[in-house]
């Protein structure tokens, strides 16, 4: 029997245990076109792996240690930092694989940068945090840098910027209100602006494939943060149908708005989020 077909209480407890380890983080809302753009700092939404520096070690978003070389974080500040482990546009799969293993050669980390987009323990407004992040270069690390933050004067300028970033292979933009404080959970002052909506969900089951997918996974059964369950079949490769994300794994899906019943419309599997 295939691993994905295992069922029972033990797997249910495993899913619950993995979900319980999810640490609170600041999360963005989706852009609705109703903001005063001039009041926001804007940055590119980097397509990397989110990481947290707690002042002593580098952690995944769920709090698990990231096994980077000791030299990678040497000299970093003791203040907590929220950021993205990044290799460049279009290289998510590479950085994801690197973060998930401790067996890769240390030289694979030479091109990685921890791009800092916030300081969770800093009590000031975001404009103050931007100024503080700009001083990270004083620590002399080649692997630590702030995400560039800039201003735009209008919605039209914002839309042009999004078009340019996407055309160059970027994912989208982030907008952060100048007076916002860091807070765990959804923050209406932090907005993601992308050509499509995306979100994350936890794998809670599978459906069996039919036809050419006989004996493989037909779709992932997932649960989003609102507690709604639905299927993700579109977007899965043949390899992912053979070896799908494990129960309890967190995946990213894209969609185009919501149905009248509140479910994501045209939901499509995008990728596994590394933990």
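State which residue is farthest from residue 267 (Cα to Cα) when the search covers only segment 157-202 and only residues that are assigned to a strand (DSSP E or B) and touching a helix residue (DSSP H, G or I) at 6+ places or on another chain (Cβ under 8 Å). Let's see the steps before the verdict.
Looking only at segment 157-202, we keep the residues that are assigned to a strand (DSSP E or B), and these are 173-177, 185-193, 197-202.
Filter once more, keeping what is touching a helix residue (DSSP H, G or I) at 6+ places or on another chain (Cβ under 8 Å): 173, 175-177, 189, 193, 202.
Working: 173: 21, 175: 25, 176: 27, 177: 29, 189: 26, 193: 18, 202: 14 Å.
Here the residue is 177.
Could you tell me whether any residue of segment 231-249 is assigned to a loop (DSSP other than H, G, I, E, B), closer than 26 Å to residue 116 by Cα and not assigned by TED's automatic domain parsing to the domain that holds residue 43? Can you show your working first?
The first filter runs over segment 231-249 and keeps only residues assigned to a loop (DSSP other than H, G, I, E, B), leaving 233-237, 243-249.
Restricting the remaining residues to those that are closer than 26 Å to residue 116 by Cα gives 249.
Still in the list and also not assigned by TED's automatic domain parsing to the domain that holds residue 43: 249.
Yes; the residues of segment 231-249 include at least one that is assigned to a loop (DSSP other than H, G, I, E, B), closer than 26 Å to residue 116 by Cα and not assigned by TED's automatic domain parsing to the domain that holds residue 43.
Would a scan of segment 23-35 turn up a residue that is within 30 Å of residue 151 (Cα to Cα), in the same structural domain as residue 110 (by TED's automatic domain parsing), more than 16 Å from the chain's Cα centre (by Cα) and at pLDDT 95 or above?
Within segment 23-35, not a single residue is within 30 Å of residue 151 (Cα to Cα), in the same structural domain as residue 110 (by TED's automatic domain parsing), more than 16 Å from the chain's Cα centre (by Cα) and at pLDDT 95 or above.
Only one residue in 113, 160, 135 is surrounded by 15 or more Cβ atoms within 10 Å (Cβ to Cβ) and within 29 Å of residue 178 (Cα to Cα). Which one? Outline the logic, then answer.
On the way: 160 fails: surrounded by 15 or more Cβ atoms within 10 Å (Cβ to Cβ); 135 fails: surrounded by 15 or more Cβ atoms within 10 Å (Cβ to Cβ).
Criteria check complete, one pass: 113.
Tally time: how many residues in segment 52-66 are crowded, with 16+ Cβ neighbours inside 10 Å and either over 15 Å from the mean Cα position of the chain (by Cα) or part of a loop (DSSP other than H, G, I, E, B) (or both)?
Count: 5.
What residue, of 179, 252, is in contact (Cβ under 8 Å) with a residue 24 or more places away in the chain and in contact with a strand residue (DSSP E or B) (Cβ under 7 Å, 6 or more places away or on another chain)? So that I can check it myself, show each step before the final result.
Values: 179 fails: in contact with a strand residue (DSSP E or B) (Cβ under 7 Å, 6 or more places away or on another chain).
On inspection, the qualifying residue turns out to be 252.
Picking from 262, 227, which residue would you name as being within 30 Å of residue 65 (Cα to Cα), in a loop (DSSP other than H, G, I, E, B) and not assigned by TED's automatic domain parsing to the domain that holds residue 80? Spell out how you get there, then give the answer.
Details: 262 fails: within 30 Å of residue 65 (Cα to Cα).
Going through 262, 227 in turn, the sole match is 227.
Kindly evaluate residue 145 against the criterion of being under 29 Å from residue 121 (Cα atoms), in the same structural domain as residue 39 (by TED's automatic domain parsing) and surrounded by 14 or more Cβ atoms within 10 Å (Cβ to Cβ).
On the way: under 29 Å from residue 121 (Cα atoms): yes; in the same structural domain as residue 39 (by TED's automatic domain parsing): yes; surrounded by 14 or more Cβ atoms within 10 Å (Cβ to Cβ): yes.
Yes: the conditions hold for residue 145.
The values are calculated or read from the model by the stated rules, or taken from the named source; none is laboratory data. Only a predicted model underlies this, so the values are computations on that prediction, with no experimental measurement involved. All Cβ positions, even for glycine, are placed from backbone atoms using ideal geometry, and neighbour counts span all protein chains on display.
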